[in-house]
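Comments concern the structure below.
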Amino acid sequence: MSIAFKTLIFLEQDSTVRSILQNPELRPGLENKRLMEEKFKTLNNSFFLYNPSVYFTILDFNHSVYTSYPPKEALNYERLRNNSGFNLERMETASYHWVSSDDNYVFRDVSTSPYLLSLYAYMKDRYNEPYGMARISIDYSFWFQSVLKQSTLRQEYFLITSQGENISQSVQDSSLSAAIKKQIVSQEDSEYFTDKTSDTLINYIYVESLDWYIVNRIPLSILFTEIEELKRQYFVTFFVLMGAFILMTFIIASTITRPLSHLQNKMREVVRKNLKVRLPEQKFRGEILELTRTFNTMLDDTNELIRQLKAEERQKEAVHFQMLLAQMNPHFLLNTLNTIKWIAIREKNEDITNMTLSLGKLLEASLSTEKDLVYLKDELELVQAYVHIQQIRHNYQFKVTYHYEEQIQYALVPKLSLQPLIENSIMHGVGGLEAQGWIEIRIYRIGNDKLAVEVEDNGIGMDQSRRLQRQAIGRKRPGIGLSNVRERLKLLFKEQGSMEIISSDEGTLIRYTIPFLLSTPYVSEPGKEHHTI
């Protein structure tokens, strides 16, 4: 039945078949017949039919009939078309239906069965207009015998209608009693029961589309014999598998579990002896050997890491001691500056007082190592303190201007990053001028995510300044201020921080860019200041 449906779908979708049925006049009659026979052969090859129990009959609306097995006599087109199977009322809403007892007058020369199971259908185009009729017939008696021919089981099969009429049986002379048929047709379902009169088990399945029953009858003696055979096979298989499992368990225990247990004991010993034990590699092979070697390598690497950690700890202790020692000198210097400041105040010397105040701010900032980033306004205060000292030293030979928006005063910048740039402008720029010098400090945003800091002067340029210094004092050591700033930008911001220097005889421009980080303070409670970044 499935093959019949698939065949119908393929015939409807085939453009050649549709052309022959809709326009038979385009080709000679023999050509149309040859093409249709080739299509039937193709269907046989596609579905591996080669089975004389399935037959095709195709009709168009122009008095042409095509069959998969050419009949000995000419077919009556009107009789075929007027067959009750093509009655649309019987098909109801579908365009096909099954006829379970179809008269076999077309294929009597190839099928001895008087009746066939046929699928009647109208072939329709994409506009749902019919252009042909198909009758796909199944010789169920032949099919029934051929299916059961190779069976070695001593069982019997029957086909009966819902009225209890015999259609076919696997054993020629066998039959079902009227009582059994009555019990089967009493309900449309698949069930089984025991017939005590014949000492057999009856199984049956209801085929709803045909209103048929497929019945199987098997003697209980054969059934119990088969069950006992199945039980014997089951227990034999069970004990064989159980023996194989026990054998595999023993093999796994001897080749894997024992070495792993030994390896586990050795690992415990390693822990007790502070990683000083090595596992013997000559006792193992295969994966266990690789595991042992890996474990020994891990122990060597662990011991090496421990040695490095101890060395690093000693280095950290030494560096920490040096840092504590280095912090003492600025503290002594800061105390000394405070003493000088009070002497200058007492002597009413404003220049020395201002210089000591400015230098004190710079020392306090250098002593504070907790923060890497500070507010821009705090950084500018340190710059102003440093500029004040340098202006007194150079007798106010240069002036410094600041250009930035008030909204970015709380932007975060690296601590003491502007002071080295100002120092460079003074030492290598305006410090060597005879005329009045100027230094401009510009801070501005680039887009929404960058902050640019620029220091520009009108000095003699860095290259000319270095040549004059080497001639005057023979200095060869390069300065560390700008390189220190560049390295700190790289450490703090990775690839997002950069610095460039543009120097000529007319002055020097130093610019560094960093991510724009705004930390605006706000007060949520009295006496408590918070920050938003």
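Net length available on complete extension from LYS490 to TYR192 is 98.7 nm, with 0.36 nm assigned per residue and the Cα-Cα distance removed.
The GluC sites (Glu not before Pro) of segment 1-107 that meet both conditions, a loop assignment by DSSP and at most 12 other Cβ atoms within 10 Å of the site Cβ, are GLU73, GLU92. For segment 136-263, the per residue solvent-accessible surface stands at 65 Å², with DNA, RNA and ligands left out and a 1.4 Å probe. Checking the cross-link pairs LYS399/LYS494; LYS371/LYS399; LYS377/LYS494; LYS6/LYS124 against a 26 Å limit on the alpha carbon distance flags LYS399/LYS494; LYS371/LYS399 as lying beyond it.
Tell me, what is the FRET efficiency for ASN44 and GLU290 to the nearest 0.05, using R0 = 41 angstrom and their Cβ-Cβ distance as r? Rounded to the nearest 0.05, the efficiency is 0.10. Per-residue extension of 0.36 nm, minus the Cα-Cα distance of ARG34 and PHE10, leaves a gain of 6.9 nm for this segment. By a 1.4 Å probe calculation restricted to protein chains, GLU208 has an accessible surface near 150 Å², given to the nearest 10. May I ask you to give the percent of accessible area on segment 129-253 that is carbon plus sulfur, with a probe radius of 1.4 Å? Result for segment 129-253: 61 percent of the exposed heavy-atom area is carbon or sulfur. Averaged per residue, segment 1-104 has 58 square angstrom of accessible surface, using a 1.4 angstrom probe with ligands and nucleic acids left out.
Ligands, DNA and RNA left out, the 1.4 Å accessible surface of segment 416-462 is 48% carbon and sulfur atoms. Given a 1.4 Å probe and the protein chains as shown, PHE142 ends up with an accessible area of around 90 Å². Here's the list of aspartates and glutamates a cross-link from LYS415 could span, going by alpha-carbon distance under 16 Å and ignoring same-chain residues fewer than 8 apart: GLU364, GLU370, ASP372, ASP378, GLU379, GLU381, GLU423, GLU454, GLU487.
The values are calculated or read from the model by the stated rules, or taken from the named source; none is laboratory data. Given the structure is predicted, the values throughout are model-derived calculations rather than measurements. For neighbour counting, all protein chains shown are included, and Cβ atoms are generated from backbone atoms with ideal geometry for every residue, glycine included. The protein model used for the area step is the full one, side chains on, heavy atoms only, and it has no ligands, DNA or RNA in it. Shrake-Rupley method; radii C 1.70, N 1.55, O 1.52, S 1.80 Å.
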